[in-house]
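The structure appears right after this line, and notes come after that.
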Amino acid sequence: MASIKRIFEDIARFIFFLGRFFASLIQAPQEKGEIARQMYEIGAKSILIVGVAGMAIGMVLAMQTSSTLARFGGQGLLPSMIAVAVLREIGPIITALVVSGRVGAGIGAELGSMRVTEQIDAMEVAALNPFRYLVVTRVLACTLMLPLLTVYANFLALLGGYFAMRFERNMSLQLYFDSALRFLNFSTVLPALGKTAVFGFIIGTLACFLGYRTSGGTAGVGRSAMIAVVLSTIMIIVADVVLVKLTILLFG
Amino acid sequence: MIAITNLHKQFAQQTVLNGVSLHVPRGETLVILGRSGSGKSVLLKCLAGLLMPDRGSIKVEGTEVVGLPPKELAALRQRLGYVFQNAALYDSMSVRENLAFHLTRHRRLAAEECELIIREKLRFVGMEAALDKYPAELSGGMQKRVGLARALVLSPEIVLYDEPTTGLDPLTAAEIDQLIVRLKEEAGVTAMSITHSLDSAQRTADSVAVLHEGRIIASGTFREIQASTHPFIKQYFALEALL
């Protein structure tokens, strides 16, 4: 009973946290320099892991489906199939899950350790608005960078698919991309890209919320980082289901 | 001037402050003595507006802190310096950036002016050489000095010290105490310091108050406290002498 009460209290605190975020967002001026720094930390420093994941997914997808398509004589559709699968679903979700692991844990631990070592109190007592400096900047950076990282992961996944295909049949890069992009249009790509901004928002808000309210010393820091990853992973998957259904209803 | 009247603070079922009243005249240093967990830090955090007391009044230079709207609280905090127990320096910033972060956000100054103020404050605490170092490269005592310099960067009228000498060797602790005394004499700041060190209290205090089980059980000069017949205070002084 006590734990159920605590869950509802935490949900109420999270809603209040979201309200504070939106209230801070409309107040000028924003911390532009810090937002840019966080975009670099979150975006540029995730390039390697997101790139490797994207490339591998494209290659695996091509290798796994090539033989099945060949059985029905549809090997020529492989580039289109990879493109649709990657751009609509696999690219966004894999990028979000990889970033939630790297960035969610990082933000949870960083803000958590700032909380337990009183660095956030130091900002507060110096009238420096730590919420705007630490939370708003990170949430915005996550929300803005995830679509960009997804575009990058999608491109590498398509490239990975091409490299995997090259082992089996001789196809030029131009023909591959022509074939891959044939069945794609804005209503296929844009909603999928739009949902990655939602995934970025989920990672940023959950990690900041958990890090910002950390207590219990170094053990609490570890706990915040771990829960940030677990919760954002679950919430990304749930949001994906809801957003895919919504996209189908709106765009067919 | 700081005036605290009948302050109460409770966490869950535990009463931490139970009717604390204190008064610090302008330009003087009040040291609050007490054992660990006696509520000293809670008292200081209530004073800085980091914690909201359940009941009572805190007046800083005539302004009521309890229930103060955020804008007014922010203005008051700019007149306040807070030295944290473990310095609370920003890990990701150098010493210069730590001080500049507080200074540039509250004062419109040219870069050269900013640099002059930062150097002056670091010189005061004897840490000018550490300007480009990061907190992780500094010892505990050095971090406390930089924490003090950062608290002074806006030239506050009031400084709050949270265990300024805890965890330091006797020589470094004495040096930090000297800085506290110099600051009072040279800048005329009003200060409240919490500690459990009698040596530190004797060196820095104009007056001393003893916090025990959420109440002030004695207050006066260090000598008056030393002469107290209260069993807790007698035991406190006796054990400290043994150590």
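The values are calculated or read from the model by the stated rules, or taken from the named source; none is laboratory data. The shown structure was predicted, so the numbers you read here are calculated from the model rather than taken from an experiment. As a convention, Cβ positions derive from the backbone with ideal geometry for all residues, glycine included, and neighbour counts pool all protein chains shown. The protein model used for the area step is the full one, side chains on, heavy atoms only, and it has no ligands, DNA or RNA in it. Shrake-Rupley method; radii C 1.70, N 1.55, O 1.52, S 1.80 Å.
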Sorting B:Ser36, B:Ser193 on solvent-accessible surface, 1.4 Å probe, most exposed first, gives B:Ser36, B:Ser193
Expressed in angstrom and rounded, the centroid-to-centroid distance over alpha carbons for the stretch A:9-88 and the stretch B:103-170 is 42 Å
Computed from the beta carbon distance with a Förster radius of 30 Å, FRET efficiency for A:Ile49 and B:Ser139 to the nearest 0.05 stands at 0.25
Taking the chain alone as reference and the full protein assembly as comparison, with a 1.4 Å probe on protein heavy atoms only, the residues of the stretch A:114-136 that lose at least 40 Å² of accessible area are A:Glu118, A:Gln119, A:Asp121, A:Ala122, A:Glu124, A:Val125, A:Ala126, A:Ala127, A:Leu128, A:Tyr133
Between A:Phe14 and A:Val242, Cβ-based FRET efficiency (R0 22 Å, step 0.05) works out to 0.80
Per the helix-only model, the protein assembly as shown has a calculated mean residue ellipticity at 222 nm (DSSP H runs of ≥4, -39500 (n - 2.57) each, divided over all residues, rounded to the nearest 500) of -19000 deg cm²/dmol
The pairs in A:Lys195/B:Lys45; A:Lys45/B:Lys121; B:Lys40/B:Lys121; A:Lys32/B:Lys184; B:Lys45/B:Lys234; B:Lys45/B:Lys133 lying past 32 Å Cα-Cα in this model are A:Lys195/B:Lys45; A:Lys45/B:Lys121; A:Lys32/B:Lys184
With the 1.4 Å probe rolled over protein heavy atoms, the protein assembly as shown has an accessible area per residue in Å² of 47 Å²
When every protein chain stays in place and a 1.4 Å probe is rolled, A:Ile11, B:Ile225, B:Ile216 sorted by accessible area with the largest first are A:Ile11, B:Ile216, B:Ile225
So the A/B interface buries, both sides summed and with a 1.4 Å probe, an accessible area in Å² (nearest 100) of 1500 Å²
Within chain B, the percent of DSSP beta bridges that are antiparallel, given to the nearest 5, stands at 55 percent
The relative contact order of chain A, taking Cα pairs under 8 Å that sit 6 or more residues apart, comes to a percentage of 32 percent
Taking the reciprocal of mean 1/r across every pair of different Cα atoms in the protein assembly as shown, the Kirkwood radius in Å is 25.9 Å
So the FRET efficiency between B:Lys71 and A:Arg71, C-beta based with R0 = 51 Å and rounded to 0.05, is 0.10
Of the stretch B:64-100, those with amide N under 16 Å from the point 7 Å along the Cα→Cβ vector of B:Leu131 are B:94-100
Check: C-alpha center the stretch A:95-152 vs C-alpha center the stretch B:1-76, spacing in Å is 31 Å
For the pair A:Asn185 and B:Glu213, the simple spin-label estimate (label points 7 Å beyond Cα toward Cβ) gives in nm 8.0 nm
Rounded to a whole %, the carbon-and-sulfur portion of the accessible area of chain A at a 1.4 Å probe is 72 percent
With the 8 Å Cα cutoff and a minimum separation of six or more residues, the stretch B:1-116 has a relative contact order in percent of 23 percent
Ignoring ligands and nucleic acids, A:Met81 exposes an accessible area, probe 1.4 Å, in Å² to the nearest 10, of 60 Å²
Relative contact order of the stretch B:46-195 (C-alpha contacts under 8 Å, at least 6 apart) in percent is 27 percent
